[in-house]
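Engineer: After the structure tokens below, expect a handful of questions from me.
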Amino acid sequence: MTDAIPPAADPNPVSVDHRLLTMRRAVRQLGDLGAVDPARLEESATGLAVERLLALLAELALAVNTTVCEARTGEVPRTLEQSFHAAAGAGLIDADLAAALTPKEGPHHLLVQLCLDSEPEKVGGIVAAAASSYDEYVRRVDAWTVSASRPATPTGLRPPDTRRDRLRARQARPLAGGPGT
């Protein structure tokens, strides 16, 4: 008998879809804010909103990366930076995107916190870079999850579109005795 905790039998790809949905909305909200310049940061809660949206994106990306990496490789990344590099190793994203999502100075939301009071002129650039990188991340993860050519893993992670396709096929079939039969 061992005390080791077994890996998750089914990492629930639907949870990845839900997280991607929230991430898409957060990226869109960052874009909807418009220019994040020092004057705007002074007059409103823009800085707080930006920092929170970036923190949310980081939290969700960590959860997605952990779910996929645990299922694909058995690896459970412990930090945001480790998770992006593990995601690149698992084929979820590429190394360039992993690097863009892990600035050497620290996570985007922490950079915004640090710059809000001392260097507010840098916040706009941090936000633009983060929004662009997370937008690309969402696109790539979404493409990965719907890729029918991705092989199944030993833990049972299947592309969510497999279930969606079956459901759509069932819905498209006319019911017995109904119109078209």
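Just so it is clear, none of the values below were taken in a lab; they were calculated from the coordinates. Since this is a predicted model, take the numbers as computed values, not measurements. We place every Cβ from the backbone using ideal geometry, glycine too, and count neighbours over all the protein chains shown.
Engineer: Counting only the backbone N, which residues of the range 77-93 are under 11 Å from the spot 7 Å out from the Cα of A143 toward its beta-carbon?
Structural biologist: 93
Engineer: Quick one: net charge of M23's neighbours, Cβ under 11 Å, K/R +1, D/E -1?
Structural biologist: Numbers: positive: R19, R24, R25, R28, R139; negative: D17, E59, D135, D142.
Its environment carries a net charge of +1.
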